[in-house]
Amino acid sequence: MSFTKIREVISPEVLKDLYPLSAEGTVVKAARDEEMKKIITGESDKFMVIIGPCSADNETAVLDYIHRLAKVQEKVADKLFLVPRIYTNKPRTTGEGYKGIAHQPNPEQAPNMQEGLIAVRKMHLRAIEETHLTPADEMLYPENWPYLDDILSYVAVGARSVEDQQHRLAVSGMDIPAGMKNPTSGDFSVMMNSVIAAQHAHTFLFRQWEVATTGNPYAHTILRGAVNKHGQSQPNYHYEDLMRLLDMYAQHPQLKNPAVIVDANHNNSNKKFGEQPRIVSEILHSRKVNPDVAKLVKGVMVESYIEEGCQKIGEHIYGKSITDPCLGWNDTEELLYRIAERV
């Protein structure tokens, strides 16, 4: 047969009982969720920065990074709302390579989804309990949502998943902000359709249940650049792109809370991580020259870790990405303070 059963995996209910969010953590998350929703709705004019490693590959290094981020958050709390990227699932274009700690808690050992789910939850819990920063993760697998639905404050749907029906419908049942990226083709209409679907109510099959959702009014767009037919990166963070998105939102008045987060890396930077500060600077300038753009652009995404660049699995350089290259901490800290000065 095509499928071989390896092991029965722990249920979300059992995992939550084993690794619960504390009472204090629950209060922290509720407050953070409410503040983030106010940013999306426009009730708050704070600027959101979703920032962290390309993939959360090592618990010790990731928590070290988030502790550093928490210290910066204290200093910029009146201007910025920092959300640590704890991306535990890594999409692979060809299906090959490291797929994140949900698959491989140890990147140098064989996949183990059971241990991976435990490692994912433990890392997210530590971030909340130790730093009081609630995390963002990418929803690569909709069926994993129940394992994390009580601890995530933000969910991103990637460029290769955004056209998938199950992803769109799962987001419609979430009560936190969720960003829908433009597909790799760059088609804005696909991205907009995903937001429309996510904001609607649905009935569908999910984890052996027929479920009904009420729609997610905090679903919004993410611009991450595109790839043309020649495989070349095409950025979509420029002023003209933001104006085009603004116009498309105007064509869909049924959508609640028009909003976009701009991803400064991926195809917007052609994966040249050092370009991210320049790209963020241009986005901030676009917000300054047009109040409508300022209302639309709620924040940015930045890929950042302790050490800049990336390494191969097995090189063991502490705090350095084993997937896409990232901005180093010194440049990251400088960038965050610069954003706070300009928003």
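The values are calculated or read from the model by the stated rules, or taken from the named source; none is laboratory data. The structure presented is a predicted model; accordingly, all values stated were derived computationally and were not measured. Cβ placement follows ideal geometry from the backbone for every residue including glycine, while neighbour counts extend to all protein chains displayed.
In the range 211-261, which residues are over 14 Å from residue 192 (Cβ atoms), of a type in the set (D, E, K, R) and surrounded by fewer than 16 Cβ atoms within 10 Å (Cβ to Cβ)?
Hits for the range 211-261 are 229, 240.
Quick check on residue 176: is it in contact (Cβ under 8 Å) with a residue 60 or more places away in the chain, in contact with a Phe, Trp or Tyr (Cβ under 8 Å, 6 or more places away or on another chain) and not acidic (Asp, Glu)? So that I can check it myself, show each step before the final result.
Working: in contact (Cβ under 8 Å) with a residue 60 or more places away in the chain: yes; in contact with a Phe, Trp or Tyr (Cβ under 8 Å, 6 or more places away or on another chain): yes; not acidic (Asp, Glu): yes.
So residue 176 passes the test.
Could you list all residues from the range 59-97 that are of a type in the set (Ser, Thr, Tyr) and surrounded by fewer than 21 Cβ atoms within 10 Å (Cβ to Cβ)? Can you show your working first?
Looking only at the range 59-97, we keep the residues that are of a type in the set (Ser, Thr, Tyr), and these are 60, 65, 87-88, 93-94.
Once the filter is applied, which keeps residues that are of a type in the set (Ser, Thr, Tyr) and surrounded by fewer than 21 Cβ atoms within 10 Å (Cβ to Cβ), the range 59-97 yields 60, 93, 94.
So residue 231 ticks every box in (1) small (Gly, Ala, Ser); (2) at negative phi; (3) out of contact with any Ser or Thr (no Cβ under 9 Å at 6 or more places or on another chain) but one. Which box is left unticked?
Every condition holds for residue 231 apart from (2).
What residue, of 30, 56, 61, is touching a Ser or Thr at 6+ places or on another chain (Cβ under 9 Å), on the phi < 0 side of the Ramachandran plot and either assigned to a helix (DSSP H, G or I) or touching a residue at least 60 places away in the same chain (Cβ under 8 Å) (or both)? Break it down stepwise before answering.
Numbers: 30 fails: touching a Ser or Thr at 6+ places or on another chain (Cβ under 9 Å); 61 fails: touching a Ser or Thr at 6+ places or on another chain (Cβ under 9 Å).
Of 30, 56, 61, the one residue that is touching a Ser or Thr at 6+ places or on another chain (Cβ under 9 Å), on the phi < 0 side of the Ramachandran plot and either assigned to a helix (DSSP H, G or I) or touching a residue at least 60 places away in the same chain (Cβ under 8 Å) (or both) is 56.
Restricting to the range 33-53, give me the number of residues that are touching a Ser or Thr at 6+ places or on another chain (Cβ under 7 Å) and assigned to a helix (DSSP H, G or I). Spell out how you get there, then give the answer.
Initial filter on the range 33-53 (touching a Ser or Thr at 6+ places or on another chain (Cβ under 7 Å)): 33, 35-36, 38, 51-53.
After this cut, where a residue has to be assigned to a helix (DSSP H, G or I) as well, the list is 33, 35-36, 38.
So the count comes out to 4.
Identify all residues within the range 244-270 that are over 24 Å from residue 327 (Cβ atoms), part of a helix (DSSP H, G or I) and touching a residue at least 40 places away in the same chain (Cβ under 8 Å); write none if there are none.
Matches in the range 244-270: 244, 245, 246, 248, 249.
Considering only the range 307-328, state which residues are within 28 Å of residue 178 (Cβ to Cβ) and either out of contact with any Pro (no Cβ under 7 Å at 6 or more places or on another chain) or part of a strand (DSSP E or B) (or both).
Let us first name the residues in the range 307-328 that are within 28 Å of residue 178 (Cβ to Cβ), namely 310, 321-327.
Selection gives 310, 321, 323, 324, 325, 326, 327.
For the range 271-305, give me each residue that is in a loop (DSSP other than H, G, I, E, B) and in contact with a Gly (Cβ under 8 Å, 6 or more places away or on another chain).
Result: 305, single match.
List pairs: first residue in the range 75-96 and under 19 Å from residue 42 (Cα atoms) and at pLDDT 85 or above, second residue surrounded by 19 or more Cβ atoms within 10 Å (Cβ to Cβ) and hydroxyl-bearing (Ser, Thr, Tyr) anywhere in the structure, Cβ distance under 9 angstrom, at least six positions apart or on different chains.
Every condition considered, the pairs that remain are 83/134; 83/153; 83/154.
Of (1) crowded, with 16+ Cβ neighbours inside 10 Å; (2) in a loop (DSSP other than H, G, I, E, B); (3) touching a His at 6+ places or on another chain (Cβ under 8 Å); (4) not charged (D, E, K, R), residue 111 satisfies all except one. Which?
Every listed condition holds for residue 111 apart from (1).
Is it the case that residue 35 is among the acidic types (Asp, Glu), over 28 Å from residue 257 (Cβ atoms) and in contact (Cβ under 8 Å) with a residue 40 or more places away in the chain?
no
Taking the conditions exactly as written (closer than 19 Å to residue 226 by Cβ and either buried (at least 20 other Cβ atoms within 10 Å of the Cβ) or touching a helix residue (DSSP H, G or I) at 6+ places or on another chain (Cβ under 7 Å) (or both)), does residue 155 satisfy them or not?
Values: closer than 19 Å to residue 226 by Cβ: no; either buried (at least 20 other Cβ atoms within 10 Å of the Cβ) or touching a helix residue (DSSP H, G or I) at 6+ places or on another chain (Cβ under 7 Å) (or both): yes.
Answer is no for this residue.
Filter the range 64-89 down to the residues that are of a type in the set (Phe, Trp, Tyr) and not in a loop (DSSP other than H, G, I, E, B) and list them by number.
65, 81
Any residue at all in the range 186-197 that is exposed (fewer than 14 other Cβ atoms within 10 Å of the Cβ), touching a residue at least 40 places away in the same chain (Cβ under 8 Å), within 26 Å of residue 270 (Cβ to Cβ) and not charged (D, E, K, R)?
Residues of the range 186-197 that are exposed (fewer than 14 other Cβ atoms within 10 Å of the Cβ), as a first pass: 189.
Those left that are additionally touching a residue at least 40 places away in the same chain (Cβ under 8 Å): 189.
From what's left, within 26 Å of residue 270 (Cβ to Cβ): 189.
Then drop every residue that is not not charged (D, E, K, R), which leaves 189.
Within the range 186-197, one or more residues are exposed (fewer than 14 other Cβ atoms within 10 Å of the Cβ), touching a residue at least 40 places away in the same chain (Cβ under 8 Å), within 26 Å of residue 270 (Cβ to Cβ) and not charged (D, E, K, R).
How about the range 223-243: which of its residues are in contact with a helix residue (DSSP H, G or I) (Cβ under 9 Å, 6 or more places away or on another chain) and part of a helix (DSSP H, G or I)?
Selection gives 239, 241, 242, 243.
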